[in-house]
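Remarks on the structure that follows.
The values are calculated or read from the model by the stated rules, or taken from the named source; none is laboratory data. From a predicted model like this one, the values you see are computed outputs, not experimental measurements. Glycine also receives a Cβ, built like all others from the backbone with ideal geometry; neighbour counts cover every protein chain displayed.
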Amino acid sequence: MLVIIFRRLGQSILVLFIVALISFLIFRYVGNPVDNLMGQEATLAQRAALIEALGLNDPFYKQYFNFIWKALQFDFGNSYRGALPVSELIASRLPATIELAVTSAFFALVLGVIIGIYTAINRGGYIANLILSTSLIGVSLPTFLIGVLLIWLFAVELKWLPSFGRGDVVQLGWWSTGFLTISGIKSLVLPSITLGLYQLTLIMRLTRSEMLEVMRQDYVRFAKALGLSSKQVNFNHALPNTLVPVITIAGLQLGSIVAFAIITETVFQWPGVGLLFINAVYFVDIPVMSAYLLLVGVLFVIINLIVDLLYLAIDPRLRDSNSSE
Amino acid sequence: MDDNLLEVRNISVTFKNRYGTLKALDNLSLNVKKGEILGLVGESGAGKSMTGAAILGLIDPPGHMSSGEIWYKGKCINDAHEAIRGREISMIFQDPLMSLNPLRRIGDQLLETILTHMNVTKSEAIKRARKGLEEVGIDPNRLNSYPHTFSGGMRQRVVIALALAPEPSLIIADEPTTALDVSVQAQILDLLKNLCKERGTSIILVTHDMGVIAQTTDRVGVLYAGRLAEIGDTREVLTNPKHPYTKGLVDSTPRIDANSFYKELYQISGTMPKLDAMPNGCAFHPRCEFAIDKCSKETPQVFSDRAACWLLENEAIVE
Amino acid sequence: MERFFKSDFFYDFLRAPVAIISFCVVALLVLSAIFAQFIAPTNPFDPASLELMNGFTPPMEPNMFTGDVFLLGADDQGRDLFSAILYGLRISLFVGIMAVSLAMVMGVLLGLIAGYVGGWLDNLIMRLADIQMTFPSILIAMLIFGVARGLLPPELRYEMAITVLIISIGLSEWVPFARTVRGTTMVEKEKEYVAAAQLIGLKRWQIMIRHILPNVLGPVLVIATITFALAIIAEASLSFLGVGAPRTEPSLGTLIRVGQDFLFSGEWWILLFPALTLLALALAVNLLGDWLRDTLNPRLK
């Protein structure tokens, strides 16, 4: 089994390097760093000096490794807009995105699994079918549309919840949290639902289809034939086997939550790294773009790795490379 | 019929599809006595597995038992399937790999079954589980192993141990050896036979292998297209088949005795009809070399408690 | 054609009210978009036809200054929302179809090559696919869009927006096509008709295109429908974020973005009608794709 783990690790590191390469290529070759940092009026001499200082004349691989080395120290240079260090920008906005992502993921996973199980066990029931039909809407609705419609309903018409921002946050050292204030929590509601709704419907439908598939398996029929109660059959046999693929796919979905956070943050003007990124795209702020991509890339690779390892831990069949038959 | 453990009375299993209503089982009746091994033989799709499923109430929708009754120990159990599963009637399936939950140790699965059906303490249950494994020839210390660590034959032994754990009076074995190597088949069949004779447990042995029927069963029922063709004492039926289909089956079984070398293999011409294209009258008549006019018009009933064939009408006293 | 109408597929279609309704909705929207010029009362993008005084007119009420009536109201610049939606629909559908076509062509080609030629080329393509699949496609689309924007001089950014949009979405969705086609190709490759074609001396690309390709088109159709729905949503999202179709050539997403600004000041219609249109389109295409996938899946029968 150690062999398998090491191989996976090796793959991950390779992908990390490729992600870093792409990030570096963007950083270095898209747009002109000198123009952006100096403006049009700089003299040739000043430009030459800057080029030297930035190491832009060094051989390719040297620049690449320089980039990685600096990245490991969280140094991405300064943003083109406002000349703040990129790492500071990202660090200040990271807590907002993480809190949002975690809340949505939790909401989506827990509710999704519960509803999924319910619709699988009560297949053909009236409520189950109703849920299924409405779930299709959840999958088809673009995230931003959900957000906008939620704002219209709850913020404009009913005036129950705020329509933008994080509310009051409490600073805990480097981290700023919205969980400790009422306005903070209120502000979290609509964005979390928006972000999590797609995941919710996905997980729900996945759980349902996996469970239905599992319930058709021989070992479930055998358990029934042995006289085990429905409760036992469903929860001791069907459920664990269902949850394995569900949790792994849900884990992979964590990645897309980060991506869709960009949209949600834009809709609600949530001050997270997603909003930072989209502004960077709009204003062609290369260092921020490239740093965000590297960050997100690393995150995804790590998530994928963890999910693969989790699979190994849960399914005993995968552990032995030699199992009989 | 007092020593009948189980009586299947005129059951039909139907399901609807786009083309209409199809009968997977048509007015089927049979019985199982205490302590006997009844074989159920027929081609794929003849309804053998469906019979077992019907007895335990495990028919997958959209199919359902549309008529008839199942009587067990003198009581009708049409609505009482859950009470009898495991405790009274058990079932084992064809593919041992898929019958065991891959994520759980076999010890857990054994304990679960024992504790569900018997009022014993956990330590007592563990003792029984170990004994159960011993009886099927598996090292009791392997309670903590996962299913995938066993070979096919051993897995089927585990399955048998599981099926016997609640001490049922009847086991339905649905093609238990089809997925196993020939050398292992004999062992498993022997094991099943011996364990059941010891306990007086009856078995319904579903198979398509005539050799297995000959060597293992006391009585045998032959199914064709969802209907009973013939039923009776195994030796009788195989040496002196009354139904043309049974005769065809027996004749077309490959043999390894001195008389059979280099002889051509007999085949019954044609194939079993599909459920949506059933012939009128007797289901077998288009392929039957003895068919008479009546066979294409009316479905025969079972004559002499033996075979459903119009040819027997004159020889028999109609029930 | 007649075989189609007698087929199981068509039978199942007629039996599924969901499929029929979705199909009709999609057809309706597509036709409206195609014939937008004839249906729309005004051309919303002709600056000359705009009357600023018409701005913020609610639906079906005459404007207090000019007396014009707008079916679905007018936006902040006096544009007829109904016309804007029709034209916006056009752009949304255009981008969606073009993006899917790009993804399909690219994916199918790469899949054919990977499956048929095999070897290191196959490995390379599949590795690329794996890496791309670790990231959500919308992120990739944003990335490509951002890079393209960065590479283009500022003057061209506006004009090329739609093209860049198509390319980014298209490039982000090729993988499902490639993977499926590769799988089927690898299976078909072993069959006799391929060996026969090789014996006759047909070149590899001829075999791939003329013989194997027709056999892999079934699943490709299902993927195309689903990808189409994804592309429409991706386009709408990107436009909403401001990095897609610009205000001068707005798609439904852009219109919704504009509408959101006016939510609090009470001009709800500027948001709601484009939103509902998008909702109807996305839902219908998704339902259709879902049903298609279920029907064409032999395993569930």
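Mind checking which residues of the range B:208-239 are more than 18 Å from B:Asp251 (Cβ to Cβ) and touching a Pro at 6+ places or on another chain (Cβ under 7 Å)?
Residue satisfying the conditions is B:Ala225 alone.
Identify, please: which residue in the range A:127-164 is over 19 Å from C:Leu238 (Cα atoms) and of a type in the set (Ser, Thr, Tyr) and is, among those, farthest from the chain's Cα centre (by Cα)?
If we take residues in the range A:127-164 being over 19 Å from C:Leu238 (Cα atoms) and of a type in the set (Ser, Thr, Tyr), then A:Ser133 is farthest from the chain's Cα centre (by Cα).
Just to check your reading of the model, which residue among B:Glu36, B:Glu69, B:Glu43 is acidic (Asp, Glu), more than 28 Å from A:Ala238 (Cβ to Cβ), in contact (Cβ under 8 Å) with a residue 12 or more places away in the chain and surrounded by fewer than 16 Cβ atoms within 10 Å (Cβ to Cβ)?
The match here is B:Glu69.
Taking into account only those residues within the range C:88-138 that are in contact (Cβ under 8 Å) with a residue 12 or more places away in the chain and within 12 Å of another protein chain (Cβ to nearest Cβ), which is farthest from A:Ile262 (Cα to Cα)?
If we take residues in the range C:88-138 being in contact (Cβ under 8 Å) with a residue 12 or more places away in the chain and within 12 Å of another protein chain (Cβ to nearest Cβ), then C:Ser92 is farthest from A:Ile262 (Cα to Cα).
Quick test for you: out of A:Leu276, A:Leu212, A:Leu239, A:Leu226, pick the one residue that is modelled with pLDDT of 80 or more and touching a strand residue (DSSP E or B) at 6+ places or on another chain (Cβ under 8 Å).
None of the other options fit; the residue is A:Leu226.
Looking at (1) more than 10 Å from chain C (Cβ to nearest Cβ); (2) at pLDDT below 85, which is the one condition that is false for A:Ile303?
Condition (1) is where A:Ile303 drops out.
Quick one: A:Gly167 ticks every box in (1) more than 14 Å from chain C (Cβ to nearest Cβ); (2) more than 25 Å from the chain's Cα centre (by Cα); (3) without any contact (Cβ under 8 Å) to a residue 24 or more places away in the chain bar one, so which box is it?
So the condition that A:Gly167 fails would be (2).
When you check A:Thr134 against the structure, is it within 14 Å of chain C (Cβ to nearest Cβ) and out of contact with any Ser or Thr (no Cβ under 6 Å at 6 or more places or on another chain), yes or no?
Criteria met by A:Thr134.
Conditions: (1) under 29 Å from B:Leu164 (Cβ atoms); (2) among the acidic types (Asp, Glu); (3) crowded, with 19+ Cβ neighbours inside 10 Å. A:Glu210 meets all but one. Number of the miss?
Checking A:Glu210 against (1) under 29 Å from B:Leu164 (Cβ atoms); (2) among the acidic types (Asp, Glu); (3) crowded, with 19+ Cβ neighbours inside 10 Å, the one that fails is (1).
Output the number of the condition that A:Tyr282 fails; it satisfies all remaining conditions of (1) in contact (Cβ under 8 Å) with a residue 40 or more places away in the chain; (2) within 7 Å of another protein chain (Cβ to nearest Cβ).
Exception for A:Tyr282: condition (1).
For (1) within 21 Å of C:Ile233 (Cα to Cα); (2) of a type in the set (D, E, K, R); (3) in contact with a Gly (Cβ under 9 Å, 6 or more places away or on another chain), each residue gets a yes or a no:
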site	(1), (2), (3)
A:Phe144	yes, no, yes
A:Phe154	no, no, no
A:Leu158	no, no, no
A:Ser163	no, no, no
A:Thr177	no, no, yes
A:Thr194	yes, no, yes
A:Ile203	yes, no, yes
A:Thr207	no, no, yes
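Considering only residues of the range B:11-24 that are of a type outside the set (Phe, Trp, Tyr), modelled with pLDDT under 85 and in a strand (DSSP E or B), which is surrounded by the most Cβ atoms within 10 Å (Cβ to Cβ)?
Among those residues, the one meeting the criterion is B:Ala24.
Taking B:Gly63, is it surrounded by fewer than 23 Cβ atoms within 10 Å (Cβ to Cβ), touching a strand residue (DSSP E or B) at 6+ places or on another chain (Cβ under 8 Å), more than 10 Å from every other protein chain (Cβ to nearest Cβ) and at positive phi?
So B:Gly63 fails the test.
Between a residue in the range B:107-135 that is within 14 Å of chain A (Cβ to nearest Cβ) and any residue that is assigned to a loop (DSSP other than H, G, I, E, B) and hydrophobic (A, V, I, L, M, F, W, C), which pairs come within a Cβ distance under 6 Å, given they are 6 or more apart or on different chains?
Qualifying pairs under 6 Å: B:Thr113/A:Leu226; B:Thr113/B:Ala165; B:Ile114/B:Ala165; B:Thr116/A:Leu228; B:Gly132/B:Ala165.
Out of all the residues in the range A:190-205, is one or more more than 10 Å from every other protein chain (Cβ to nearest Cβ), within 30 Å of B:Ser169 (Cα to Cα) and part of a helix (DSSP H, G or I)?
Taking every residue of the range A:190-205 in turn, none turns out to be more than 10 Å from every other protein chain (Cβ to nearest Cβ), within 30 Å of B:Ser169 (Cα to Cα) and part of a helix (DSSP H, G or I).
With exposed (fewer than 12 other Cβ atoms within 10 Å of the Cβ) and in contact with a Gly (Cβ under 7 Å, 6 or more places away or on another chain) as the only criterion, which of B:Glu298, B:Glu264 stands out?
Unique residue meeting the criteria: B:Glu298.
Hey, does the range C:254-277 have a residue that's at the interface with chain A (Cβ under 8 Å from one of its Cβ atoms), under 22 Å from C:Arg79 (Cα atoms) and of a type in the set (Val, Ile, Thr)?
yes
Of all helices (runs of 4 or more DSSP H) completely enclosed by the range B:149-236, which ones contain at least 1 residues that are closer than 30 Å to B:Glu298 by Cα?
By residue number, B:210-216.
Residues being more than 15 Å from the chain's Cα centre (by Cα) and away from chain A (no Cβ under 11 Å): count how many of those fall in the range C:237-249.
Residues flagged as more than 15 Å from the chain's Cα centre (by Cα) and away from chain A (no Cβ under 11 Å) within the range C:237-249 amount to 4.
Among C:Ala99, C:Ala161, which is the only one that is of a type in the set (Gly, Ala, Ser), crowded, with 18+ Cβ neighbours inside 10 Å and at pLDDT 85 or above?
Going through C:Ala99, C:Ala161 in turn, just one is of a type in the set (Gly, Ala, Ser), crowded, with 18+ Cβ neighbours inside 10 Å and at pLDDT 85 or above: C:Ala99.
Just for the range A:306-315: of the residues that are in contact (Cβ under 8 Å) with a residue 12 or more places away in the chain and part of a helix (DSSP H, G or I), which one is farthest from the other protein chains (Cβ to nearest Cβ)?
A:Leu309
With respect to C:Phe145, determine if the residue is among the aromatic types (Phe, Trp, Tyr) and within 13 Å of chain A (Cβ to nearest Cβ).
yes
Within the range A:242-253, can one find any residue that is touching a helix residue (DSSP H, G or I) at 6+ places or on another chain (Cβ under 7 Å), in a helix (DSSP H, G or I), within 14 Å of chain C (Cβ to nearest Cβ) and surrounded by 21 or more Cβ atoms within 10 Å (Cβ to Cβ)?
Yes, because at least one residue in the range A:242-253 is touching a helix residue (DSSP H, G or I) at 6+ places or on another chain (Cβ under 7 Å), in a helix (DSSP H, G or I), within 14 Å of chain C (Cβ to nearest Cβ) and surrounded by 21 or more Cβ atoms within 10 Å (Cβ to Cβ).
Taking the conditions exactly as written (under 30 Å from C:Ser83 (Cα atoms) and not basic (Lys, Arg)), does C:Leu278 satisfy them or not?
For C:Leu278, the condition - under 30 Å from C:Ser83 (Cα atoms) and not basic (Lys, Arg) - is met.
Looking for whichever is out of contact with any Pro (no Cβ under 9 Å at 6 or more places or on another chain), modelled with pLDDT under 85, of a type in the set (A, V, I, L, M) and surrounded by 14 or more Cβ atoms within 10 Å (Cβ to Cβ) here; the options are B:Leu170, B:Leu195, B:Leu180, B:Leu162. Which one fits?
B:Leu195
Yes or no: the range B:146-161 includes at least one residue that is within 15 Å of B:Leu110 (Cβ to Cβ) and basic (Lys, Arg).
yes
Here is a list of conditions, (1) buried (at least 20 other Cβ atoms within 10 Å of the Cβ); (2) more than 27 Å from the chain's Cα centre (by Cα); (3) not acidic (Asp, Glu), and C:Ala229 meets all of them except one; can you say which number that is?
(2)
If only one of A:Ile263, A:Ile185 is more than 14 Å from chain B (Cβ to nearest Cβ), under 18 Å from the mean Cα position of the chain (by Cα) and more than 30 Å from B:Glu82 (Cα to Cα), which one is it?
A:Ile263
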